[in-house]
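For reference, the structure discussed in these notes is given below.
The values are calculated or read from the model by the stated rules, or taken from the named source; none is laboratory data. Everything quoted here is computed from the prediction, not taken from an experiment. Neighbour counts run over all protein chains shown; Cβ positions are idealised from the backbone, glycine included.
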Amino acid sequence: MDEVDELIINYLKNKDASWGWFFGGTRLSAKETIDKLKTDKEFRKKVKQAVINRLMEEVRGE
Amino acid sequence: MSSTSPPWVLFIAPEFDTATHYSKEWCDLLVSSTSKFVQHGYLEGTGATRENVERMLTQGPSYEAVVFYNHGDENGLVAQDGEGYVLDEKNIDLVKGKFIYTLACLAGRKYGVKAWQQGCKFIGYDDVFGFTEDEPELFGEAAGFGFELWARGLRDFKKIKEAMIDKFNRLIEIAKSFWTKVWLQHDRDHLVVYDAERPSSKCIFRRLALWVFGSFGWQFKRWHSLAAILFGIGWGLTAHDLWVEICKSGTPWRIHGGYIGLALMLLSVFLSIGIFRKVFRNA
């Protein structure tokens, strides 16, 4: 876990209990996502990369 | 006014979990939004089984395209209740030469490549397809856009891909949630359109074969790589042995027949590669 992972987790902590999204066909609530980020290295890597890619594109666009 | 009848399209949308409620709904919308432009068969929910798909593709009208909205993995497109696949490598002959359009996760990795090798056009994703419940309609819109263009008559797959990416970008701009933007971008970046682009490979031998032979490089099997390695080892051993023998005689710099033989072998390989490149790239 690094600072980016912590930032993602903090972002997800603000989501309410009904919030959810789908990753590879599996529904994940914010809490399930946080748990998975803490335990599943591959998932953490993929989510972090997706977030970084988005942030990079936002920075480039500005 | 054109006298040709609209193309036949087989829509397949299993429905058995939360994710597939969304994908089924998106497929329903796609069926209705394109119904003016295509004739269709629709296998939905419990009807979306392998048997039914195979029956429709063999006994039904001549379908030009198959649209699949459900789970998938590298090996194929998943059937109702997650029981096996409706389409995979084993029944790939049934879709030979057709257009396959799907939002299924990962299908662009292996199945899409196999389908493309069979002369299919393939639009799908080579990683998981992520979406959010905040703004699911944006993902449905993005996922279906390429097929809408095809249904309206666009057959230039490079243009379809460009238009799909533009669509994703517009939707990323209007999305309210950061998480939605993240996963729209992720899906956009993993969109594959086989025909507009050639599938890539992480395997160094496959990449070499694709570089030399173009798309024909996908036809090579592992034993072709083995043959190339054996040639290299054989040539190297011979060269080494020749060098040792020639050094024994004390005049290694004289032009021996062995040098000429090895040089001719290399020359023939490079000439062959050049000829193959021309033949297969123009094929």
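Structure data summary
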| item | result |
| --- | --- |
| Checklist (1) part of a strand (DSSP E or B); (2) among the β-branched types (Val, Ile, Thr); (3) over 15 Å from residue B:48 (Cβ atoms) applied to residue B:86, failing item | (3) |
| The stretch B:244-267, residues that are surrounded by 14 or more Cβ atoms within 10 Å (Cβ to Cβ) and either in contact with a His (Cβ under 8 Å, 6 or more places away or on another chain) or free of Cβ contacts under 8 Å to residues at least 24 places away in the same chain (or both) | B:246, B:252, B:256, B:258, B:259 |
| Residue that is farthest from the chain's Cα centre (by Cα) [pool: residues in the stretch B:69-83 that are surrounded by fewer than 22 Cβ atoms within 10 Å (Cβ to Cβ) and assigned to a loop (DSSP other than H, G, I, E, B)] | B:83 |
| Subset of the stretch B:37-68 (residues that are assigned to a loop (DSSP other than H, G, I, E, B), crowded, with 18+ Cβ neighbours inside 10 Å and either touching a Pro at 6+ places or on another chain (Cβ under 7 Å) or in contact (Cβ under 8 Å) with a residue 60 or more places away in the chain (or both)) | B:38, B:48 |
| Single unsatisfied condition, residue B:202 versus (1) of a type in the set (Lys, Arg); (2) surrounded by fewer than 11 Cβ atoms within 10 Å (Cβ to Cβ); (3) modelled with pLDDT of 90 or more | (3) |
| Subset tally (residues that are loosely packed, with under 13 Cβ neighbours inside 10 Å and either part of a strand (DSSP E or B) or of a type in the set (Gly, Ala, Ser) (or both)) for the stretch B:19-34 | 1 |
| Test: residue in the stretch B:172-180 that is over 24 Å from residue A:43 (Cβ atoms), over 18 Å from the mean Cα position of the chain (by Cα) and not β-branched (Val, Ile, Thr) | yes |
